[in-house]
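Everything below concerns the one structure shown next.
Laboratory data are not the source of any read-out in this text; all were calculated from the coordinates shown. As the structure is a prediction and not an experimental result, all values here were calculated from the model. Quick reminder, even Gly has a Cβ in these numbers, built from the backbone with ideal geometry, and neighbours come from all protein chains shown.
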Amino acid sequence: MIIFTTNLGDIEIELDMERAPVSSKNFLRYCKEGFYNGTIFHRVIQDFMIQGGGFTEKMQEKPTRPAIANEANRGLKNVIGSIAMARTDSPHSATAQFFINLDDNDFLDHTATTNAGWGYAVFGKVTAGMDVVNMIAYSRTATVKGHEDVPSEAIIVKNVTIK
């Protein structure tokens, strides 16, 4: 169990080490290193997802370790409350950023081992704090330093606790 303490409240996350071991271990390592402390939820789109894990409050991107293999082909689905690895257009480009699904986003699921079909790897779920996730989801957003959908008032990860 991992607890993200934000300035809006706590979000508890349970990892699926069995079905998404690479993503789970990667996320856990960033948590243990304190990487997420002081980061923000920098991309919020109502009825879609909230994304965090890569930027400071000043919208400076944090340096990460190398990218990991995409595990979207392991059967976990992008459903409400699931947490998944964010990535670029390249299927195997996920590093530290993650997102929490606000809806059943089946279009993000794996369909084929092609660039277009790889999908986004789910590696766990929110077990408590969906009320906090939903508060974040309804944040007013703006474009900041070329990034769209950034909450106007920073939503900061103050601390990460591993239980």
Using a simple charge model, +1 on the beta-carbon of Lys and Arg, -1 on the beta-carbon of Asp and Glu, nothing else, what dipole does the chain show about its Cα centre, in debye to the nearest 20? 600
Looking at this model, which pairs from Lys32/Lys163; Lys25/Lys62; Lys77/Lys145; Lys77/Lys158 are more than 22 angstrom apart at the alpha-carbon? Lys77/Lys145; Lys77/Lys158
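Give me Rg over Rh for segment 27-121, both radii from the alpha carbons and Rh done the Kirkwood way, two decimal places. Mind showing how you got there, number by number?
On the way: Rg = 13.2 Å, Rh = 13.7 Å.
When Rh is taken as the Kirkwood radius, the ratio is 0.96.
Using the Cα gyration tensor of segment 102-146, with a ≥ b ≥ c the square roots of its eigenvalues, what is the shape: rounded (a/c below 1.5), prolate (a/b larger than b/c) or oblate (neither)?
On the way: a/c = 3.04, a/b = 1.43, b/c = 2.13.
Oblate shape, in that a/c is at least 1.5 and b/c is the bigger or equal ratio.
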Per residue of the chain, what 222 nm ellipticity follows from adding -39500 (n - 2.57) for every DSSP H run with n ≥ 4, rounded to the nearest 500? -3500 deg cm²/dmol
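Would you please put 89-95, 32-38 in order of how densely packed they are, using the mean number of other Cβ atoms within 10 angstrom per residue and starting with the highest?
Numbers: 89-95: 16.4, 32-38: 14.7.
Those peptides, ordered most packed to least, come out 89-95, 32-38.
About the Cα centre of segment 2-79, how large is the charge dipole given +1 on each Lys and Arg Cβ and -1 on each Asp and Glu Cβ? Please answer in debye to the nearest 20.
Details: 10 positive and 10 negative charges, 65 e Å.
The dipole magnitude comes to about 320 debye.
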In Å³ per residue, the alpha-carbon convex hull of segment 2-162 encloses 99
Run the quick spin-label model on Gln60 and Ala112: label points 7 Å from Cα toward the beta carbon, then report their separation in nm to one decimal. 4.3
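Grab the beta carbon distance between Thr127 and Asn159, set R0 = 25 Å, and tell me the FRET efficiency rounded to 0.05. Each step should come with its number before you reach the end.
Values: r = 18 Å, r/R0 = 0.71.
E between Thr127 and Asn159, to the nearest 0.05, is 0.90.
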